[in-house]
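Working notes for the structure below.
The values are calculated or read from the model by the stated rules, or taken from the named source; none is laboratory data. Keep in mind the model is a prediction, meaning the values are calculated, not measured. Here the Cβ positions follow ideal geometry from the backbone for every residue, glycine too, while neighbour counts run over all protein chains shown.
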Amino acid sequence: MAHTNQLHESVPNISIQNGTIIGNRYELVRQIGSGSFGDVWEAFDLLNGHLRVAVKLLHAGRSASEVRTRFARECSALELLIPNQHIVAIRERGIHVDRDYMVMELLEGPTLKEWLHGGGATKLPDVAVVISILEQICEGVAAAHSVKSPGPIVHRDLKPENIILLPIVEARQPSFQAKILDWRALEIREFRFLDSSSEPHCTWHLSKCWAKSETLDPGRMCLH
């Protein structure tokens with residue numbers, strides 16, 4: 001289970017910048033991502049040999065209860081999925097000057113979208129590598145769908161941009177470890193029993209972008 005840091009610091013409206021210390025432990029080094037709800041920073045874990053980690057911070061203006069509830073749900077879901085080698089790992093969560101944050105493992109590599117388009121239009125990815133990546137994604141999704149309590153976790157925004165590929169250096173041929181990111185749109189489903197003797201049953205559906213598409217663009221694929 002990831003550690004929870006409930007420290008509320010007393011200085012209001014403090015700016016977040018390089019060198020800011022989060023939770024008396026994580027020193028922000030550089031911003032590596034930004035979205036409508038928050039920013040992602042590379043940071044050093046000062047209590048663990050300056051281990052490099054990723055810190056996701058909600059924006060100061062995103063303190064509404066609905067946004068914070070969604071953020072907390074994402075943290076809780078990731079905690080339930082520890083450890084899984086195909087899902088980004090959460091290390092800690094807390095509050096920094098009324099801004100919720102989570103600390104995750106730092107993942108460095110291309111997204112699936114970047115990798116698919118990296119060879120240009122004339123070079124197709126190696127089939128064996130593609131199959132390996134898809135198998136790993138399915139393993140991560142299956143693990144999330146298999147959660148019994150509180151129920152199956154559905155990503156709802158599974159697309160190439162939310163899959164990161166970690167190069168396996170030791171491999172003789174190009175290969176990757178796939179990790180699923182960004183669980184903020186997740187939904188927790190309930191198992192339904194078809195009858196008193198049946199196994200738990202849960203139904204899924206294709207995302208709208210698949211259902212409406214006559215042709216499938218591998219750079220735009222997404223699954224619920």
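How many residues does the stretch 47-59 hold that are in contact (Cβ under 8 Å) with a residue 24 or more places away in the chain and surrounded by fewer than 15 Cβ atoms within 10 Å (Cβ to Cβ)?
Going through the stretch 47-59 one residue at a time, the tally reaches 1.
Checking the structure you have, find out if any residue of the stretch 113-120 is within 17 Å of the chain's Cα centre (by Cα), in contact (Cβ under 8 Å) with a residue 60 or more places away in the chain and within 25 Å of E187 (Cα to Cα).
yes
Being charged (D, E, K, R) and modelled with pLDDT under 95 is the filter; apply it to the stretch 86-99 and report the residue that is farthest from P152 (Cα to Cα).
Among those residues, the one meeting the criterion is D98.
Does V130 meet the test of being without any contact (Cβ under 8 Å) to a residue 40 or more places away in the chain, over 15 Å from the mean Cα position of the chain (by Cα) and assigned to a loop (DSSP other than H, G, I, E, B)?
no
Quick one: in the stretch 1-24, which of the residues that are in a strand (DSSP E or B) and under 21 Å from the mean Cα position of the chain (by Cα) is modelled with the highest pLDDT?
Looking at residues that are in a strand (DSSP E or B) and under 21 Å from the mean Cα position of the chain (by Cα), I get I22.
Given the options P125, P83, name the one that is at pLDDT below 95, assigned to a loop (DSSP other than H, G, I, E, B) and touching a helix residue (DSSP H, G or I) at 6+ places or on another chain (Cβ under 8 Å).
P125
Could you check, for the stretch 102-115, whether at least one of its residues is more than 30 Å from I16 (Cβ to Cβ), touching a Pro at 6+ places or on another chain (Cβ under 9 Å), among the aliphatic types (A, V, I, L, M) and not in a loop (DSSP other than H, G, I, E, B)?
No, there is no match, as no residue in the stretch 102-115 is more than 30 Å from I16 (Cβ to Cβ), touching a Pro at 6+ places or on another chain (Cβ under 9 Å), among the aliphatic types (A, V, I, L, M) and not in a loop (DSSP other than H, G, I, E, B).
Does the stretch 47-61 contain any residue that is at pLDDT 95 or above, of a type in the set (V, I, T) and touching a Lys or Arg at 6+ places or on another chain (Cβ under 9 Å)?
Within the stretch 47-61, one or more residues are at pLDDT 95 or above, of a type in the set (V, I, T) and touching a Lys or Arg at 6+ places or on another chain (Cβ under 9 Å).
What's the number of the condition A72 fails, among (1) within 16 Å of D182 (Cβ to Cβ); (2) touching a Phe, Trp or Tyr at 6+ places or on another chain (Cβ under 9 Å); (3) not aromatic (F, W, Y)?
Of the numbered conditions (1) within 16 Å of D182 (Cβ to Cβ); (2) touching a Phe, Trp or Tyr at 6+ places or on another chain (Cβ under 9 Å); (3) not aromatic (F, W, Y), the odd one out for A72 is (2).
What are the residues in the stretch 159-178 that are touching a Pro at 6+ places or on another chain (Cβ under 9 Å) and either assigned to a strand (DSSP E or B) or farther than 15 Å from H117 by Cβ (or both), if any?
I164, L165, P167, I168, P174, S175, F176, Q177 - these are the residues of the stretch 159-178 that are touching a Pro at 6+ places or on another chain (Cβ under 9 Å) and either assigned to a strand (DSSP E or B) or farther than 15 Å from H117 by Cβ (or both).
Considering each residue of the stretch 33-46, count those that are modelled with pLDDT of 95 or more and not charged (D, E, K, R), and give that number.
Adding up the residues that qualify gives 5.
To keep it simple, each residue is scored yes or no on (1) under 30 Å from N5 (Cα atoms); (2) surrounded by 15 or more Cβ atoms within 10 Å (Cβ to Cβ).
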position	(1), (2)
V103	yes, yes
L106	yes, yes
L112	no, yes
A128	no, no
L134	no, no
G140	yes, yes
S146	yes, no
P152	yes, yes
R156	yes, no
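Against the definition (in contact with a Gly (Cβ under 8 Å, 6 or more places away or on another chain), buried (at least 20 other Cβ atoms within 10 Å of the Cβ) and within 23 Å of N5 (Cα to Cα)), how does I87 come out, yes or no?
yes
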